[in-house]
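Laboratory data are not the source of any read-out in this text; all were calculated from the coordinates shown. Computed from a predicted structure; not experimentally measured. Positions of Cβ are backbone-derived with ideal geometry, glycine not excepted, and every protein chain shown enters the neighbour counts.
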Amino acid sequence: MKFPEGFLWGAATSAHQVEGNTTHNDWWEAEQAARVPFQSGRACNQYELFERDFDLAKSLNHNAHRLSIEWSRIEPKEGMWDEKEIEHYRTVLLALKNRGLKSFVTLHHFTNPLWFAKKGGWNNAHASAYFVRYVKTVVERFGDLIGCIITINEPLVYMGLSYREGRWPPFHKNDFWSIVRVFRAMVQAHRQAYAAIKMVQQTIPVGIAANLIDFQPRHKWNPVDWLISWSANYFWNDLFLKQVSRHMDFIGVNYYFHHHVHTMPFFGYSLSGHSFSDLGWGIHPEGLYWVVKNMRSYRKPIYITENGIADAKDEKRTEFIVNHLRFLYQNIREGCDVRGYFYWSLTDNFEWADGFWPRFGLADINYETFERGVRPSAKVYQEICAINGIPQNLMK
Ligand code: BGC
């Protein structure tokens, strides 16, 4: 299974999860106040070890890499730009460039600067203006080194965990009015950021990373199940994208979940799959095919910006990757313009409210020594990247 010429292969990360000491954001504060169960601390110490990690990615034959910029490093106090941190990110992006790794840079990956959070964060009437001011600074100061931009990572996951479940900062439970406001603010922020980026760097492709769920009716013969799964699909997968579709050059797809939606025996959904990850998430590679297929109506290039598994023993990861790629290949064969795949994640990292125990990495981390060790599945993925396709021997 040969993938198209120039296909991008890589892995994805985010700043708070890997850098360590991101002390000026709302997550850090929540961790110190024990409002979340674990502390990110030095995380993977990637702030210091980025060159080592990029060497690792290079040695694994990746040709692209997704990372995020920590807003609270660049603007630790309102309107105050930290030159040292700007220089740091220039060095980081240059390190990717020098290794021939195309950078996919996320500008917002769940964390907010503390000053912004204190003003109400995405609930503040001027939220998008604050965000856009930061975005402009980023692009003016190191846009020349950026391959592609993802403005916001998974807006709906952020809203769900922060304003419905209340498990993430700012810990609002079932705050539906805030969800409406945050939704609007993020749509506006994305659109305005898109325009602002284009004013500075016309050529950088700009998109968004959406967490897409494959909703299927549990009982195919039950019209109510159908209706519910159709609505779930519309509200979760399409509503936000439809608002920003005229302001994006590509769609970033993060795929982890397949849900069976049902009305009987009671209304709800179940996490289903053929087998399960360490986090109990069902593994269902075919769902990737359906969510990607559903994106065709947008007529935009697609990148899989995240897809991965928590699997400490590395028993399921190889099969996980290969099977998802087989379905992705089917999309491509049917004419979908899929241009890249980023495995989540390059190394184990800080998995938010679950702390360090879920192990998503192609490389494992010893959190005492910060030593990285390549897992066997990473070698298989390495081979896939090298030949730009799935080798014969894996096609059983
Ligand atoms: C997020 C990552 C997270 C991953 C695994 C994604 O939804 O973007 O930050 O680590 O899922 O839970």
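Please list the radius of gyration and Dmax for segment 111-268, considering alpha-carbon atoms only, with Å as the unit.
17.6, 56
Once Rh is set to the Kirkwood radius over Cα pairs, what Stokes-Einstein translational diffusion coefficient, in µm²/s, holds for segment 196-264 at a temperature of 37 °C and a viscosity of 0.692 mPa s?
This corresponds to a translational diffusion coefficient of 238 µm²/s.
Tally Lys/Arg at +1 and Asp/Glu at -1 over every other residue whose Cβ is under 12 Å from the Cβ of residue 335; what's the total?
+2
Expressed as cubic angstrom per residue, what is the convex hull volume of the alpha carbon set of segment 48-183?
111 Å³
How large are Rg and Dmax for segment 131-196 when only the alpha carbon atoms are used, in Å?
Answer for segment 131-196, Rg first and Dmax second: 14.0, 42 Å.
Given +1 on the Cβ of Lys and Arg, -1 on the Cβ of Asp and Glu, and no further charges, what dipole in debye does the chain carry about its Cα centre, rounded to the nearest 20?
Dipole of the chain, to the nearest 20 debye: 1140 debye.
Ratio of segment 324-396's C-alpha Rg to 2.2 N^0.38 Å, to two decimals?
The value comes to 1.35.
7 Å from Cα along Cα→Cβ at both residue 299 and residue 167: what's the point-to-point distance in nm?
4.0 nm
Where nothing but the Cβ of Lys and Arg (+1) and of Asp and Glu (-1) is charged, how large is the charge dipole of segment 91-186 around its Cα centre, in debye to the nearest 20?
With Lys and Arg at +1 and Asp and Glu at -1, about 100 debye.
Which three semi-axes in whole Å describe the equivalent ellipsoid of the chain, each the square root of 5 times a Cα gyration tensor eigenvalue, listed largest first?
After diagonalising the Cα gyration tensor, the semi-axes are 29, 26, 22 Å.
Can you compute log10 of I(q)/I(0) for segment 260-393 with the Debye formula, treating each Cα as one identical point scatterer, at q = 0.13 Å⁻¹?
Scattering profile of segment 260-393, log10 relative to I(0): -0.64.
Just grab the label-to-label distance for residue 246 and residue 200, each label 7 Å out from Cα along the Cβ direction, in nm (one decimal).
Roughly 2.5 nm, to one decimal.
Taking the mean number of other Cβ atoms within 10 Å as a proxy for protection, how do you rank 343-350, 102-109 from highest to lowest?
Packing order, densest peptide first, comes out as 343-350, 102-109.
Taking a virtual spin label 7 Å from the Cα of residue 61 along the C-beta vector, which residues in segment 1-40 bring their backbone nitrogen under 16 Å of it?
Output list for this probe position: 1-11.
Compare the Cα positions of 156, 32, 46 along the charge dipole of the chain (+1 at Cβ of Lys, Arg; -1 at Cβ of Asp, Glu; about the Cα centre) and return the one farthest towards the positive end.
Positive-end residue among those listed: 156.
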